[in-house]
Amino acid sequence: MAFDAKWEDYQRMALRFAFSLKDMEPLAAAKEFVSFGRRYAQERDSLPQTDAERAFHLVAEATTLVDYQLPFATDEEAETIIPRAHRLLDEALTLDPRCYDAARMAVAANCPTFESYYDYLCEMEPEVRAYCEEARNAALLDVSGERAVEVANIALHPHLRWLAALASKALICGRNREALRFCKDALELDPADTADTRFTAALAYAKLEDEQGLDQLESRCRKLPHPYGTNDAWMLLSRLALAHKRRNLPLARQVLARIAELYPNAALTLARQKELPDGVFARLAMPPFSEDELIVAASEATVLTQEGRDSLGRGAFGSWLLQECLSIATREQLEEIREEIDLTALSSRREDDQGNKEGWR
């Protein structure tokens, strides 16, 4: 999935180290590079680096704290994690005032509403785009071969992450067409979709009930070098939501069965429908087709599951999905669901609605 801050930090440093060896004999340079991994892990400060690279290393450390530790921390642990993350981001911006990842993450912590954060992202996007394009062009002039392509791609990453954040926040704020515009911009800039903005686009098309747009997105996704094909959780949840909206319940159940086939513990995850904090650096990096990935997708899909009013307080689609998950869950999964969710209201509703439910079948 999308961006791994630690891996990108390693890539940036590895490229810098490789550049420092360009005047050496090839065999000597190769021997020297063999030591890079150890030196990166144990003696990082001894490696050549710029202030921008030092700043990004601090961003990577802050990302570990904010995106991967804070959501699971106790209140006491959070009191330590939050100030430390702020210090890392402040230091990054001191080293490199145009470290836009650090700036975006710092503002995200202080904006009182999604709307205010969205407004900030919109206002700053042209500046971020211009800076990243300048960095990419400079990289292409200074370096040749495969390394030039890699450096140029990394130069664009802050802008791609900015566009992905814009699309995600636009979707949360109900600006679905704006979300699609930002996704389109990201895909034009990076046809391989490193930022995974197609996932946000799928949810936006489902919100707009635009099946043709979703079909076109799916067709485009087939050409991408990703392991999913068109079976990622976001696309399938969007198909599921559209089928439910159109009361095509047989199709909806087929899609749900496909999700359960691809993702472990799908019934339990989709019954819970937990809403997680968004990744601040980028969408959380999870292994494809893992339970954790479905948890992230289901969280983002709450814009679909929580639509409308419902007696269970979940939204019409969310309540229907809970009922269907109960019907496909294993005995062990049912026990876990019962421990976490009060099913009393659901039982009453099933009795009241049995006639209508049978008619939909």
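Give a quick list of chymotrypsin sites (Phe, Trp or Tyr not before Pro) in region 53-147 that DSSP marks as loop, anything other than H, G, I, E or B, with at most 12 other Cβ atoms within 10 Å.
The qualifying sites: there are none.
How do 31, 223 line up, fewest other C-beta atoms within 10 Å first?
Lowest to highest Cβ neighbour count: 223, 31.
Summing Lys, Arg as +1 and Asp, Glu as -1, what charge do residues with Cβ under 13 Å from the Cβ of residue 148 carry, residue 148 excluded?
For residues surrounding residue 148, the net value is 0.
Can you check what the net charge comes to around residue 47, using other residues whose Cβ is under 12 Å from the Cβ of residue 47 (Lys, Arg +1; Asp, Glu -1)?
Local net charge: +1.
Equivalent ellipsoid semi-axes for the chain, as square roots of 5 times the alpha carbon gyration tensor eigenvalues: give them largest first, rounded to whole Å.
So the equivalent ellipsoid measures 42, 22, 20 Å along its semi-axes.
What angle do you read, to the nearest 10 degrees and between 0 and 90, between the alpha-carbon axis of helix 5-20 and the longest principal axis of the chain?
20
Determine the gain in length on full extension of the stretch residue 134-residue 69; use 0.36 nm per residue of separation and subtract their C-alpha separation, reporting nm with one decimal.
Result: 20.0 nm gained on full extension.
How far, in degrees from 0 to 90, does helix 75-95 lean away from the longest principal axis of the Cα atoms of the chain, to the nearest 10?
40
What is the spread of the Cα atoms of region 1-157 along each of their three principal axes, largest first, in whole Å?
55, 37, 30
Find the centroid of the Cα atoms in region 66-109 and in region 154-187, then give the distance between the two in whole Å.
First find each Cα centre; the distance between them is then 22 Å.
Can you compute the modelled spin-label distance between residue 45 and residue 173, with each label point 7 Å from Cα toward Cβ, in nm?
So the two model labels end up 4.2 nm from each other.
Which loop-located chymotrypsin sites (Phe, Trp or Tyr not before Pro) does region 19-53 contain, where loop means any DSSP state but H, G, I, E or B and the Cβ has at most 10 other Cβ atoms within 10 Å?
The qualifying sites: there are none.
We did not get these values from a lab; they are worked out from the coordinates using the rules stated. Just so it is clear, the structure is predicted and the values come from calculations on it, not from any experiment. Positions of Cβ are generated from backbone atoms using ideal geometry, with glycine treated the same way; all protein chains shown enter the neighbour counts.
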